[in-house]
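Accompanying notes for the structure given below.
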Amino acid sequence: MVVNRRHFLASTLGYLTLLGWPRAGFTDVKSGRLVVILLEGGMDGLAAVPPIGDMALFDQRRELVPKNLLEVDRHFALNPALKNFNMLLKSSFGSIVHATNMPYKRRSHFEGQNIMESGISTPFAVKTGWLGRALDLAGLSGESLSLNLPLLLRGNRGNDTYYPAKIKKTDGPDPMIARYLANARSGMVSETFESLYFKENINSRRARRDPISLAKHAAVALRKVGGPRAAVIKVKRFDTHANQGADSGVFFSRMRLVDNIFETLRVKLEEDWETTIVVTLTEFGRTVAVNGSLGTDHGYGSAGLLAGGDGFKEKVVTDWPGLKKTDLHDGRDLMATVDYRSVLSSCLEKAFGLPHDFIIEKVFFDPKISRLTDRIFLRA
């Protein structure tokens, strides 16, 4: 495999992937950056952004509604774990899309995660991901140097994965990968490689796997001149079937981690925050009603969080369906009234300058996807 200046790097740490080096001579693409935070397990949008103006919320899940909510407006509030995101929201550098999901209703993790990464309504129908295909079209693709290339980032244009049979647990990067990277980009890639892979000892090796450390590494790499233009960070453990909690507990801790990722990216990207979009993505939401284990089960509609330095038009973008029994999907789940691919396509349009019609036909293969760019972003 030949690695050159068009190629991108993906972290072997399994939770961070960086990609999208510009091709030489390609000048039409915008200079934006896109960070996708994958919330694996099915994030409870009603717990992240409780619709406090809908009284059915308290009838169905009073035990899961935090007491110390951060009020957004008279209709919605934020989970108290999202303090940094709340500041972004107040300054118009954050936005929420509620009652949304990918086009998937069967509540399977395996199928749902495949769809959120492939962007296709049928699970396992394609072998490429929506972001990989978009980067292909934007002229930002190449081969991947990675131990773990998620489906989301796989494109059609040679986005292969170099996968050594064994990586020794040494105090430095694998020599073979280091040689590829050293030859790839005269220092820039190898510096990124060292920041992602260098391991002083077992404790530091474990620390570098946490999403906050990976967010720092992502920001450093994304700020490099001619460096990657997209990053994916995975956060797991959103499958909150039991003891979900409200003002504390497992869900609160997960959302606080997401909140800190937003803040880390904002601070570490420095002036490049202005041209960066950060968006969350999950495979499905949770049931409206609390279950017998003080948790929630697999559902349908959820919420997405967006942030970035160029500004957003509305704090909450939604076509709210209601939480009465007759309003719910299958009588149990929040209805998704916004196809989340509309949100993702708007992010791609804003970050990389790809036309909406081009995105929905060539990336998501669905000409019915609506354009929300003017509704979401302050400057479309």
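Odds and ends about this structure:
Yes/no matrix, rows are residues, columns are (1) at pLDDT 95 or above; (2) aromatic (Phe, Trp, Tyr); (3) more than 26 Å from LYS216 (Cα to Cα):
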residue	(1), (2), (3)
ALA24	no, no, yes
ASP28	no, no, yes
LEU38	yes, no, no
MET43	yes, no, no
ASP59	yes, no, yes
PRO66	yes, no, yes
LEU69	yes, no, yes
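- Residue that is farthest from ILE233 (Cα to Cα) [pool: residues in the stretch 36-65 that are of a type in the set (Asp, Glu) and surrounded by fewer than 24 Cβ atoms within 10 Å (Cβ to Cβ)]: ASP59
- Residues satisfying the stated conditions in the stretch 114-138, i.e. surrounded by 24 or more Cβ atoms within 10 Å (Cβ to Cβ) and of a type in the set (Asp, Glu): GLU117
- Every residue from the stretch 85-127 that is polar (S, T, N, Q), in contact (Cβ under 8 Å) with a residue 12 or more places away in the chain and closer than 30 Å to GLU274 by Cβ: ASN86, SER92, SER95, THR100, ASN101
- Residues of the stretch 215-261 that turn out to be of a type in the set (Ser, Thr, Tyr) and touching a residue at least 40 places away in the same chain (Cβ under 8 Å), as a count: 2
- Residue check, PRO321 more than 23 Å from SER108 (Cβ to Cβ), at pLDDT 95 or above and in a loop (DSSP other than H, G, I, E, B): no
- Residue match in the stretch 287-309 (condition: crowded, with 20+ Cβ neighbours inside 10 Å, more than 25 Å from ARG61 (Cα to Cα) and among the polar types (S, T, N, Q)): no
- Filter result for THR318 (hydroxyl-bearing (Ser, Thr, Tyr) and surrounded by fewer than 22 Cβ atoms within 10 Å (Cβ to Cβ)): yes
- Exactly one residue among PHE365, PHE312 is modelled with pLDDT of 95 or more and under 18 Å from the mean Cα position of the chain (by Cα), and that residue is PHE312.
The values are calculated or read from the model by the stated rules, or taken from the named source; none is laboratory data. Quantities reported herein were computed from a predicted structural model and do not represent experimental measurements. Glycine gets a Cβ as well: all are built from the backbone with ideal geometry, and neighbour counts include every protein chain shown.
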